[in-house]
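Presented below is the structure to which this report refers.
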Amino acid sequence: MKSWTKTLCATALTGLPALALAAGAFEGEVTKQATNWHAIIMFFLFVAFTMGITYWASRRTRSASDFYTAGGGITGFQNGLAIAGDYMSAASFLGISAMVFDKGYDGLIYSIGFLVGWPVILFLVAERLRNLGKFTFADVASYRLQQTPVRTFAATGTLVVVALYLIAQMVGAGKLIQLLFGMSYSSAVILVGILMVMYVTFGGMLATTWVQIIKAVILLGGASFMAFMVLATVGFSPEMMFQKAVAIHAKGAEIMAPGKADPIDSISLGLALMFGTAGLPHILMRFFTVSDAKEARKSVFYATGFIGYFYILTFIIGFGAIMLLLEQPSMMETVVKNGKEVTQLIGGSNMAAIHLANAVGGDLFLGFISAVAFATILAVVAGLALSGASAVSHDLYASVIKKGKANEADEIRVSKITTVVLGVIAILLGLLFEKQNIAFMVGLAFSIAASANFPVLFLSMFWKGLTTRGAVVGGFIGLISAVGLIVMGPAVWVDVLKHETALFPYKNPAIFSITLAFVFTWLISVLDKSKSAVEEKAKFEAQFVRSMTGIGAAGASKH
Amino acid sequence: MNEDILTRVQSNPKFKELVHKRTRLGWQLSILMLAIYYGFILVLAFAPNVLGASLSGGTTTVGIPVGIFIIISAFVLTGIYVRKANTEFDQLNQQIVEDAKQ
């Protein structure tokens, strides 16, 4: 398989037209056919199976509640798997194992940041969210505030986060297919976009959740097998694995220790990852798919377990890749980057987990893992699209434009149309952002979720004094400052816009933008002496009782 | 929620007990998790050598078990909360809901 992927990747990377790609494939016809079939058959089995589920789900999806939240009938265990599935995106699986492969220990630091937000979400917000919300997190944020401004803000925050997250997933999909099937980057991105739209428009949240659950189970199974095989090669001695890796890696013993990082950047990244999780709209939405607060709690418990286990696996997989791939010349290629020749893993470090699958399990397992990685992208983008679509249909259309008087059928129709529009936008953004590092794009989404959505959501539930004016001004300041500082920071100003030095020195603006959001939300709320502000504060007591006891909360719909 | 139910719940001593217990446990565990994580981040930022030091003379560094410990602690802490909430808090909550209906 190595020779054909090498040919294909080299062709794809140099950006030659599709004709040259076909010619390259022709030369290595026999081997190519054999490998392709495994991956393609397994991938199409997944697609066929999930389409079957989508058909089943479409027959059960009638009301808006069915469409947005699967009627609230998902159990805590199922939801835990689905949340874990949303989290175990291709960007996490490929990106974090790549980070471990490149930098060793720093990859573990990153994954810990992704995990530790979960317990805090459980302790402070999960039950309140379930008791107050119906379909979107804006339901909670606008509970006692004015609908139009707060929902407009929440929908904006949702769409920006969804767009960034979608870019990361689309780029991952394109790269993966480029390597595996020999399809062009653009056709892969288009395929993902179309399948995503089909899952969501036909099957709603029920299909989206089940696609996510199935994928989570096979991804955990596949990654467990890889980690097991890696450990088996070293007689199940982590010490032996680390020794071998250190001996091979260009950075030597540095991979066992944290790399040099700016303290402010590290703390800022920690804040973004932790509070970003509590502001991701597609994750928050999952809390409304369970029947009550008890199931919401259980989902976080299971999710934390699965996610933690998964990150331990990716760490082992990253080290396994160092140990088993770096010394194999057939896994490496030489490319020209910025005028210099660089030897790298075929397809780049993001492909570490994929190549490792081949090394430990042969072509059949490579096909399996590739199909799983692709399935992962499909499942995650479906959740993202649904969340973006509900922000438009439920928050903007039904609440802002129709002032809460929208007919349910129309609302669902708007949601489906939005899904199609999002599909097109996702494809375009995927094509535009081809060369960006995918793990980093997810980091951007987290910064914005932490700075815009989280402060408003948190204060709406915890602080009686929050007013509409405070929430909207503070929220937008968080959003604008996060986006602005990222654009002026090294990741965009230098890497994308090619300026000499960044206007803002840190990669992660969260520490500044979260603080700004909280300070302004507080300040504007305190200064707000309007009549509506008084009313909003007075409504807090009733909100608090409901958030604590669940009296009056939306229940599961019966079928 | 109508005013009657609201005042009934608010004046119920069990409601005060629930709010007090649940909020306290929630904040205690959150602070513990934050302390563990930001303690780790601060060590990373200001004394990275501590984590890069060899554990018992081998290649494995102190940072590896520390990292695994944080992952496991996240899971254990959620387990503690869920257990407490599913038994004690839910029972109390059930009583409050029953009382409010009368």
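Checking A:Lys103 against (1) farther than 30 Å from A:Arg413 by Cα; (2) buried (at least 24 other Cβ atoms within 10 Å of the Cβ), only one condition comes out false. Which one?
(2)
Within the group A:Ala261, A:Ala272, A:Ala303, A:Ala352, which residue is surrounded by 24 or more Cβ atoms within 10 Å (Cβ to Cβ), under 23 Å from A:Phe446 (Cβ atoms), within 11 Å of another protein chain (Cβ to nearest Cβ) and small (Gly, Ala, Ser)?
On the way: A:Ala261 fails: surrounded by 24 or more Cβ atoms within 10 Å (Cβ to Cβ); A:Ala272 fails: within 11 Å of another protein chain (Cβ to nearest Cβ); A:Ala352 fails: within 11 Å of another protein chain (Cβ to nearest Cβ).
Answer to the selection: A:Ala303.
If I ask for residues that are farther than 19 Å from A:Met170 by Cα and either surrounded by 24 or more Cβ atoms within 10 Å (Cβ to Cβ) or not small (Gly, Ala, Ser) (or both), which ones from the stretch A:72-95 would you list?
Taking the stretch A:72-95 and keeping what is farther than 19 Å from A:Met170 by Cα, we get A:72-84.
Matches in the stretch A:72-95: A:Ile74, A:Thr75, A:Phe77, A:Gln78, A:Asn79, A:Gly80, A:Leu81, A:Ala82, A:Ile83, A:Ala84.
Looking only at residues that are among the hydroxyl-bearing types (Ser, Thr, Tyr) and farther than 18 Å from A:Tyr105 by Cα in the stretch B:16-52, which one is nearest to the chain's Cα centre (by Cα)?
Start the filter on the stretch B:16-52 by keeping residues that are among the hydroxyl-bearing types (Ser, Thr, Tyr), which leaves B:23, B:30, B:37-38.
Add one more test, that the residue is farther than 18 Å from A:Tyr105 by Cα, and what stays is B:23, B:30.
Values: B:Thr23: 10, B:Ser30: 5 Å.
Going through the qualifying residues, I end up with B:Ser30.
For A:Phe77, which of the numbered conditions (1) within 14 Å of another protein chain (Cβ to nearest Cβ); (2) under 16 Å from the mean Cα position of the chain (by Cα); (3) over 30 Å from A:Trp463 (Cβ atoms); (4) not aliphatic (A, V, I, L, M) fails to hold?
(2)
On the given criteria, is A:Asp66 closer than 21 Å to A:Ala155 by Cα and of a type outside the set (Gly, Ala, Ser)?
Numbers: closer than 21 Å to A:Ala155 by Cα: yes; of a type outside the set (Gly, Ala, Ser): yes.
Taking the combined requirement at face value, the residue satisfies it.
Output the residues belonging to the stretch A:93-113 that are more than 9 Å from chain B (Cβ to nearest Cβ) and out of contact with any Ser or Thr (no Cβ under 7 Å at 6 or more places or on another chain).
Step one: filter the stretch A:93-113 for residues more than 9 Å from chain B (Cβ to nearest Cβ), giving A:93-104, A:106-107, A:110.
Within the stretch A:93-113, A:Leu94, A:Gly95, A:Met99, A:Lys103, A:Gly104, A:Asp106, A:Gly107, A:Tyr110 meet the criteria.
If you check A:Phe368, A:Phe315, which single one turns out to be within 14 Å of another protein chain (Cβ to nearest Cβ), closer than 27 Å to A:Phe114 by Cα and out of contact with any Lys or Arg (no Cβ under 8 Å at 6 or more places or on another chain)?
The conditions single out A:Phe315.
Which ranges mark the helices (runs of 4 or more DSSP H) fully within the stretch B:1-53 that have 1 or more residues being under 27 Å from A:Trp118 (Cβ atoms) and more than 10 Å from every other protein chain (Cβ to nearest Cβ)? Break it down into steps so the answer makes sense when it comes.
On the way: elements: B:3-11, B:13-46, B:48-52.
The helices (runs of 4 or more DSSP H) meeting that bar are B:13-46.
For the stretch B:54-97: of the residues being touching a strand residue (DSSP E or B) at 6+ places or on another chain (Cβ under 9 Å) and either among the polar types (S, T, N, Q) or at the interface with chain A (Cβ under 7 Å from one of its Cβ atoms) (or both), which is surrounded by the most Cβ atoms within 10 Å (Cβ to Cβ)?
Of all residues in the stretch B:54-97, those touching a strand residue (DSSP E or B) at 6+ places or on another chain (Cβ under 9 Å) come to B:54-55, B:60-62.
Keeping just the survivors that are either among the polar types (S, T, N, Q) or at the interface with chain A (Cβ under 7 Å from one of its Cβ atoms) (or both) gives B:54, B:60-61.
Numbers: B:Ser54: 13, B:Thr60: 19, B:Thr61: 23.
Only one residue tops the list, namely B:Thr61.
Exactly one condition in (1) in contact (Cβ under 8 Å) with a residue 24 or more places away in the chain; (2) within 14 Å of chain B (Cβ to nearest Cβ) is false for A:Ser237; which is it?
(1)
Taken together, the values in this text are just the output of simple stated rules run on the coordinates, not laboratory data. It should be emphasised that the depicted structure is a prediction, and the values quoted were computed from it without experimental measurement. Methodologically, a virtual Cβ is constructed for each residue, glycine included, from the backbone with ideal geometry; neighbour enumeration extends over all protein chains shown.
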